[in-house]
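First comes the structure, then the notes that go with it.
The values are calculated or read from the model by the stated rules, or taken from the named source; none is laboratory data. The model shown is predicted, which means the values in this text are computed figures rather than measured ones. Cβ placement follows ideal geometry from the backbone for every residue including glycine, while neighbour counts extend to all protein chains displayed.
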Amino acid sequence: MRDSGGRAMHWYSTVVLTTLLAVLAGGFAWSQQRIPRPDLVTDTTFGGGRSLQEAEPERQPDLLGQAVADLRQLTLPNGAAIAGPHGPWRYVWPRDASFVAAAYCVSGDVRAGLRVLGFLDRVRPSQGRWAARYRPDGSGPVADRRGPQLDDSGWVPWAVGTCAGRVSYDELAGLFGMVRQSADQAVAELGGNGLPAASPDYWERPERRTTIGVAAPLLAGLRSATAVADRLGHAADAARWRVAAVRLEAAIDRVFGPRGYPRTRRGGADSMVTVLGPPFAPARDRVTAAIERSRRLLTLPNGGVTPGQDWRADGVAWTPSTGLFGLSAAARGDRATARQVLDLLAAHRTATGALPEKIGRTGRPGGEAPLAWTCALVVLIESFR
């Protein structure tokens, strides 16, 4: 009986161990697809695998020119602004595409900005939250484990609002249905405490609590939607969204403000604090102080910025988070900090000048390159010079 039991226990242990290893292997494979090794840059015609320091200086194009060129290559003829040229990045994230559209408009290429917004208008949900990402052929959302992400209901109206002063009345009116759907969704998601429901944000993970990564973009979006509605003469919509924006801002100040606008009520600093100030919102002293404090807390030894204190402590900087602090500084008139961020991004490009997704612990570019969101941020920062 003992031997039989031992054999049974051995068999059971083998099955459990095999199953566990299979699950771990599957999870590792997925994480490697979604989160490449920090020192990996995909080999591409957009950029190579060497750091700037290893490349010949004369081959490095200027930062703004390369960012614009890469945005054009990442924007398909139908207006689909893909996040990056390879694999899981070769899709349209409404968040990233919103920044691309805004960058085109502020740089003077309004036609390209309208094409990107037009693509988003064609794939937008008729109701509910935006999907995390969409197929670049316009056939619909990608079904994956990310799930719908509420922050896009703020980013999209913000992008339209950024372009609003540069387009005709009719062009803006053609986008109003998308603005209304997003802004109304934002209002519908506000709870009794004035904050939106919990939702994944740019960290793309399930959340049990409301994050500043959702609340701040929704506030920016409601403000922009209000301005668009005012211009188009939709007084009732403008009034409704204006009231919601005031309510949301008060809730953000009440819940997040006392701790310096962290990621969650009791969390650490987050790079999305930048969206509470210019160019997304009017400057306020308490917000400016929180932005500057958060940048100090989130800056890594390699000079870049991690998304947040609650992010994994791997020493890897993310260029979108780094760029957001540069944009904030530029919009607030802090040219020295904005220049510092641009110089840092320029110094950590790939051999052919492409802006990568990450900066590794040793300073090497990593992740996808070029990354549309970072390219767009460079254009937006430069627009304030």
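Below are the figures for this structure:
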{"quantity": "Tally of residues being in contact (Cβ under 8 Å) with a residue 12 or more places away in the chain and farther than 26 Å from D184 by Cβ across region 245-260", "calculated": "2"}
{"quantity": "Where L175 falls short, out of the listed (1) of a type in the set (A, V, I, L, M); (2) crowded, with 23+ Cβ neighbours inside 10 Å; (3) farther than 23 Å from L377 by Cβ", "calculated": "(3)"}
{"quantity": "Qualifying residues in region 306-343 (those that are in a helix (DSSP H, G or I) and of a type in the set (V, I, T)) - the one surrounded by the most Cβ atoms within 10 Å (Cβ to Cβ)", "calculated": "T319"}
{"quantity": "Which listed residue is in the same structural domain as L120 (by TED's automatic domain parsing) and in contact (Cβ under 8 Å) with a residue 60 or more places away in the chain, from G140, G161, G165", "calculated": "G161"}
{"quantity": "Evaluation of D285 against (1) outside the structural domain of A97 (by TED's automatic domain parsing); (2) crowded, with 16+ Cβ neighbours inside 10 Å; (3) of a type in the set (D, E) (one fails), failing number", "calculated": "(2)"}
{"quantity": "Verdict on A346 being assigned to a helix (DSSP H, G or I), out of contact with any strand residue (DSSP E or B) (no Cβ under 9 Å at 6 or more places or on another chain) and closer than 20 Å to A369 by Cα", "calculated": "yes"}
{"quantity": "Among (1) of a type in the set (G, A, S); (2) touching a Ser or Thr at 6+ places or on another chain (Cβ under 8 Å); (3) in a loop (DSSP other than H, G, I, E, B), the one test that A283 misses", "calculated": "(2)"}
{"quantity": "Flag for A103 being without any contact (Cβ under 8 Å) to a residue 12 or more places away in the chain, closer than 19 Å to R349 by Cβ and either small (G, A, S) or not assigned by TED's automatic domain parsing to the domain that holds T319 (or both)", "calculated": "no"}
{"quantity": "Residue tally, condition touching a helix residue (DSSP H, G or I) at 6+ places or on another chain (Cβ under 9 Å) and either in a loop (DSSP other than H, G, I, E, B) or not assigned by TED's automatic domain parsing to the domain that holds S98 (or both), over region 192-226", "calculated": "14"}
{"quantity": "Per-region count, region 94-121, residues over 18 Å from the mean Cα position of the chain (by Cα) and under 15 Å from S153 (Cα atoms)", "calculated": "1"}
